[in-house]
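The values are calculated or read from the model by the stated rules, or taken from the named source; none is laboratory data. In this text the structure is predicted, and so the values were computed from the model without any measurement. Here Cβ is always computed from backbone atoms with ideal geometry, including for glycine, and neighbour counts include all displayed protein chains. In case anyone asks, the SASA skips ligands and DNA or RNA and just uses the protein heavy atoms, side chains included. Shrake-Rupley method; radii C 1.70, N 1.55, O 1.52, S 1.80 Å.
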Amino acid sequence: MPADLLNTIAEVRRRVRAARAQGGTISLVPTMGALHAGHGALIDAARRGSDCVVVSIFVNPIQFDRPDDYEAYRIDLAADVGFCAARGADLVFAPSAPEIYPEPQKTFVEVTELGDHLCGKFRPGHFRGVVTVVAKLFHIVEPDRAFFGEKDAQQLAIIRRMTADLNMPIEIVPVPIVREPDGLALSSRNRRLSPEERAIAPALFRALGLARDRIASRAASVGEARQAGLDALAKYPLIRVEYFEVVDPATMTPVDRIAGPVRIAAAVWLGSTRLIDNVSSAPPGKI
Ligand code: AMP
């Protein structure tokens, strides 16, 4: 079945309301396009138990902290619509920037504290832009459920908090990270890696795995676990570590000691490409 491509807020509202009038469950999968199997897993998860799956494709200008990153973000809308249809999506909502921001946005949604660490610390304004556009998409589509990847675990924690704090009647559903066979998490930015950088990139997942295993096998401290990961990454002169942290899995804020399940999250630069990844861990007997 082809997925219907809708470009305006009015059209998507009309179609979603018609589906709801028939008693249907509405699911939303927000994306920025350039779709790959990671997005595919979100659509598959949304498909289960939904009557109407809406995939939004919008490269949101207000979440980019660097103009060069925004300009380098290329999507092929026809290919993405085909991808959505093949995965069983019903509607693809791909608005233009003026459709979403007819005037410069003056109202922003900001989740305090949760964005002070990890990516939020290094990408000023990023989460404010993400949360604002997700809130707008939630008001436009009014889904029952919305699907987010654990790849962006801090984003997931922040969206959960925004939804709870603002009493939005939307279930936030997390989806596990989809990886290449060599462990590299799928990302639209992976295609920017040179062959040499691509060959090195799985070192990020391996370093996270080393830290994970230290914690799981002998209850290493935060410092020991971090050092194991940082030492592994230091072997690669092409890799520049932005952060490597052990965090609370619910809030994604750094912890001092490990008393239960944690997430280990990292961001690195390989040339001009920034990669993020994370894994879960827990000390022995605490899984
Ligand atoms: P993006 O298009 O990069 O904004 O991502 C849209 C959604 O897809 C977000 O919820 C991401 O967390 C999710 N996503 C991206 N890559 C992956 C992946 N490798 N595995 C699982 N989810 C992903």
Report task. May I ask for the angle, rounded to the nearest 10°, between helix 222-234 and the longest principal axis of the chain, with both axes built from Cα atoms and the value confined to 0 to 90°? Result -> 90 degrees
Report summary line: Taking the square root of 5λ for each eigenvalue of the C-alpha gyration tensor of the stretch 204-268, the equivalent ellipsoid has semi-axes, largest first and in whole angstrom, of 19, 13, 9
Query raised in the report: Put a dot 7 Å past each Cα toward the Cβ at residue 180 and residue 65; how far apart are the dots in nm?
Result: 2.5 nm
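So if each residue of separation counts as 0.36 nm, and I subtract the Cα-Cα distance between residue 72 and residue 101, what length gain in nm does that give?
Here the segment from residue 72 to residue 101 would lengthen by 8.4 nm.
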Query raised in the report: Using a 1.4 Å probe on the protein chains only, how many percent of the accessible area of the stretch 25-139 belongs to carbon and sulfur?
Result: 53 percent
Query - chymotrypsin sites (Phe, Trp or Tyr not before Pro) restricted to the stretch 197-287 and DSSP loop, no more than 15 other C-beta within 10 Å - result: none
Report task. Kindly express, to the nearest 10 degrees and within the range 0 to 90, the angle between helix 37-47's C-alpha long axis and the longest C-alpha principal axis of the chain. Result -> 50 degrees
Requested in this report: Within the stretch 210-246, list the trypsin sites (Lys or Arg not before Pro) lying in a DSSP loop whose Cβ has at most 12 other Cβ atoms in a 10 Å radius.
Outcome: 235
Query raised in the report: Want the number for residue 253 to residue 113: 0.36 nm per residue separation, take away the alpha-carbon distance, what's left?
Result: 49.5 nm
Report summary line: To the nearest 10 degrees, the tilt of helix 126-141 (Cα long axis) against the first principal axis of the alpha carbons of the chain is 30 degrees
Report summary line: For the stretch 156-287, the Debye formula with one identical point scatterer on each Cα and no solvent gives log10 I(q)/I(0) at q = 0.09, 0.14, 0.16 Å⁻¹ as -0.29, -0.67, -0.84
Report task. Quote to one decimal, in nm, the extra length available between residue 224 and residue 51 on full extension: 0.36 nm per residue of separation minus the C-alpha distance between them. Result -> 57.5 nm
**Report entry** Cα point-scatterer Debye curve for the chain, base-10 log of I(q)/I(0) at q = 0.15 Å⁻¹
**Finding:** -1.20
Query raised in the report: In debye, nearest 20: dipole of the stretch 58-132 around its Cα centre with unit charges on the Cβ of K, R (+) and D, E (-)?
Result: 100 debye
Report task. Could you check how much of the accessible area of the stretch 223-282 is carbon and sulfur, as a whole percent, using a 1.4 Å probe? Result -> 51 percent
Report summary line: Taking Lys and Arg as +1 and Asp and Glu as -1, residues besides residue 39 with C-beta under 15 Å from its C-beta add up to 0
